[in-house]
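S.K.: Take this structure first; my questions come after.
Just so it is clear, none of the values below were taken in a lab; they were calculated from the coordinates. Please read all numbers here as calculations on a predicted model, not as lab measurements. So basically every Cβ, Gly included, is an ideal-geometry build from the backbone, and we count neighbours across all protein chains shown.
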Amino acid sequence: MTRDSGPAPAAPAHDARASRGDDIDVRPVTPDEIPDWIRALSVGFLRSPAVSADELAARSTVVVPERTLGAFDEGRCVATFRSFEQEITAVGGKAVPADAISNVTVTATHRRRGLLTRMMARDLAAAKERGDVVATLIAAEYRIYGRYGFGPAASTTEWTVDVPRTGLDPRWSRPVDGGRIDLVDAAEVRKSGPELHERLRRIQHGAVSRLDRWWQIATGTVRLDSGRWTEPYYAVYRAADGEVQGMTAYSVDDTWVAKQPHDTATVEWLIAVTPAAERALWHYLCSIDWITKVKTDGRASDDLLPHLLPDPRAARVTTRADYLWVRVLDVVRALEARTYAGAGALVLDVVDPGGLAGGRFLLEAAADGTGRCAPTTRSADLTLDVGELGALWLGDETVTRLVALDRVREERAGAAREADALLHTPRRPWCPDMF
């Protein structure tokens, strides 16, 4: 319990402005300021402030000045913020335009001065004006982004597989479905990977678009740090007709104990568009001589992997956490973009302190899964913050749970159950990308 003891004594005007950060200039960077902005980015992420010329050159190529914000105190960049064009796949496979937010830092000397709030407000207002349906980000810290209307919309899980315990036949050498596994080079990944990923994101809600630069970084053509590049192994799964249906990149350590190999294969990324491709790639990784552990990349929380093994307990969860966060900017377009599990109608009262997407909306879902949404004056069935709508949009959360957590208010008895029936998705969302 707290007690209001009246206003605190007024501080000198200059000190008050400094504590609020009003005297710090928040604006888009100029081309000449990009190196300073990149150095501030490194400091904010606790990397070395001594950024090499090669890293400056590599990172400068992704900086679009009008979508790259900096906070400048007496000419020095002390906070960074960048957004870029993206598409995200809604439930049902439709891609919608998104404002992807990344490279958010505030230098330790300038915390708690409202710099992130100013940068975020400016960027989200611009995204709304452009017509982006949602904003997206990968949250390094949980407690920050709910303040700006974001909700955790897709979680991630990593497993470590104890290979000897899997029960797989150690003599396994190839898929039994007529397909094959081939090791390929980086050039083949850059050739075949983009088309495979496009196929994946048409069927995987929560997946986001990739620029060509993603493939360049993943294969070492572009290097964002001055560290030594070690080429991973690349393997592809080809179906019986020769079509590439899956692909992975992995690295291997070199660990021996008492003259016995105990190597670990660490999966950097693995994508597949069929269950057969997933099965074949995971079985291949578990079949490599000397490999006793396989560490996965970040997967959907309902990933097939554990149950692709004769003993699912051989796959131990090592990480399970929120991952992709979504901030709805246009309620009507967001709800009409996705599909629904059946017919029904709901009135949602969306509360948005940021003033970008609030209002009362009637959602009507048809038996064919399509939905229509429009502003309404009808009485609300559910009242929820825009961040909770973001958490529900991809189907990773349920209304019933949010009601139990006092994060959604049920205005009509039974509305939460009806909402869950509409929003249900057979599989959980997955975002394979860090950005």
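S.K.: Report the gain in length on full extension from ARG27 to ALA140: 0.36 nm times residue separation, minus Cα-Cα distance, nm rounded to one decimal. Could you put the intermediate results ahead of the total?
M.R.: Details: separation 113, 0.36 × 113 = 40.68 nm, distance 2.33 nm.
Difference between extended and current length: 38.3 nm.
S.K.: Kindly list the residues of the stretch 239-254 that lie in the label zone of ILE288, defined by a backbone N under 13 Å from the point 7 Å along the Cα-to-C-beta vector.
M.R.: 248-254, by backbone N distance to the label point.
S.K.: Suppose every Lys and Arg Cβ carries +1 and every Asp and Glu Cβ carries -1, with no other charges. What dipole size does the stretch 116-187 come out with about its Cα centre, to the nearest 20 debye?
M.R.: On the way: 10 positive and 10 negative charges, 70 e Å.
Roughly 340 debye, rounded to the nearest 20.
S.K.: Also, I was wondering about something else. With charges set only on the Cβ (+1 for Lys and Arg, -1 for Asp and Glu), what does the dipole of the stretch 136-265 come to about its Cα centre, in debye to the nearest 20?
M.R.: Using Cβ point charges on Lys, Arg, Asp and Glu, the stretch 136-265 gives about 360 debye.
S.K.: Report the per residue volume, in Å³, of the convex hull enclosing the C-alpha atoms of the stretch 61-111. Numbers along the way, then the final one.
M.R.: Values: hull volume 4.7 nm³, N = 51.
Spelled out: Cα convex hull of the stretch 61-111, divided by residues, is 91 Å³.
S.K.: Rounding to the nearest 20 debye, state how big the charge dipole of the chain is about its Cα centre with +1 on each Lys and Arg Cβ and -1 on each Asp and Glu Cβ. Display every interim value, and only then the final one.
M.R.: Working: 55 positive and 62 negative charges, 103 e Å.
Taking the Cα centre of the chain as origin, the dipole is about 500 debye.
S.K.: Here is a follow-up. By its C-alpha gyration tensor, with a ≥ b ≥ c as the square roots of the eigenvalues, how is the stretch 151-254 shaped: rounded for a/c under 1.5, else prolate for a/b larger than b/c, else oblate?
M.R.: Numbers: a/c = 1.31, a/b = 1.26, b/c = 1.04.
It is rounded, given that a/c, with a ≥ b ≥ c, falls under 1.5.
S.K.: Further question on the same structure: Output needed: percent of Cα pairs per 5 Å distance bin for the stretch 116-199, bins running from 0 to the one holding the longest distance.
M.R.: Bin by bin from 0 Å, the calculated values are 2, 8, 11, 11, 12, 12, 12, 10, 8, 7, 5, 1.
S.K.: With label points built 7 Å along Cα→Cβ from the Cα atoms of LEU405 and GLU74, find their separation and express it in nm.
M.R.: 4.4 nm
S.K.: Next question, about the same structure. Taking K and R as +1 and D and E as -1, what net charge do the other residues with C-beta under 13 Å from the C-beta of ARG407 add up to? Mind dumping the intermediate values first?
M.R.: Numbers: positive: ARG401, ARG409; negative: ASP385, GLU388, GLU397, ASP406, GLU410.
Local net charge: -3.
S.K.: Before rounding to the nearest 500, sum -39500 (n - 2.57) across all DSSP H runs of length at least 4 in the chain and divide by the residue total; then give [θ] at 222 nm in deg cm²/dmol. Walk me through the numbers before you get to the answer.
M.R.: Values: 11 runs with 109 residues, N = 435.
Calculated mean residue ellipticity at 222 nm is -7500 deg cm²/dmol.
S.K.: For the stretch 108-176, which chymotrypsin sites (Phe, Trp or Tyr not before Pro) are in a loop by DSSP, counting at most 14 other Cβ atoms within 10 Å?
M.R.: Working: sites: TYR142, TYR145, TYR148, PHE150, TRP159, TRP172; in loops: TYR142, PHE150, TRP172.
Loop-located and lightly packed - TYR142, TRP172.
S.K.: How high is the FRET efficiency from ASP241 to ARG320, r the C-beta distance, R0 51 Å, rounded to 0.05? All intermediate terms of the calculation are to be shown ahead of the outcome.
M.R.: Numbers: r = 37 Å, r/R0 = 0.72.
Computed FRET efficiency for ASP241 and ARG320: 0.85.
S.K.: Can you find, among ALA218, ALA404, TRP325, the residue farthest towards the positive end of the dipole of the chain? Put +1 on the C-beta of Lys and Arg, -1 on that of Asp and Glu.
M.R.: The listed residue farthest towards the positive side: ALA404.
S.K.: Once a ≥ b ≥ c are taken as the square roots of the eigenvalues of the Cα gyration tensor of the chain, is the result rounded (a/c under 1.5), prolate (a/b larger than b/c) or oblate (a/b not larger than b/c)?
M.R.: Numbers: a/c = 1.94, a/b = 1.24, b/c = 1.56.
Since a/c reaches 1.5 but b/c is at least a/b, the shape of the chain is classed as oblate.
S.K.: Report, by chain and number, residues whose modeled amide H sits under 5 Å from the one on ASP302, excluding near sequence neighbours (fewer than 5 apart, same chain).
M.R.: Amide H neighbours of ASP302: ARG428.
S.K.: Calculated FRET efficiency, ARG171 and THR230, Cβ-Cβ r, R0 35 Å, to nearest 0.05?
M.R.: Numbers: r = 30 Å, r/R0 = 0.86.
Computed FRET efficiency for ARG171 and THR230 comes out at 0.70.
S.K.: Going 7 Å from the Cα of ALA345 along its beta-carbon direction, which residues of the stretch 375-406 have the amide nitrogen within less than 17 Å of the resulting point?
M.R.: 375-382
S.K.: Now a separate question. Using Cα springs under 10 Å in a Gaussian network model of the chain, which residue among HIS197, HIS424, HIS307 shows the largest mean-square fluctuation?
M.R.: With Cα springs under 10 Å in the chain, the top fluctuation among HIS197, HIS424, HIS307 is at HIS307.
S.K.: Would you compute the Debye intensity of the stretch 225-351 from its alpha-carbon atoms alone, equal scatterers and no solvent, and pass along log10 I(q)/I(0) at q = 0.19 Å⁻¹ to two decimals?
M.R.: -1.15
S.K.: Return P(r) of the stretch 282-372 (all Cα-Cα pairs; 10 Å bins starting at 0; whole %; ordered from short to long distances).
M.R.: 12, 28, 20, 20, 16, 4
S.K.: So how far apart, in nm, are the two label points at SER379 and ASP254 if each is 7 Å from Cα heading toward Cβ?
M.R.: Label-label distance for SER379 and ASP254, simple model: 7.3 nm.
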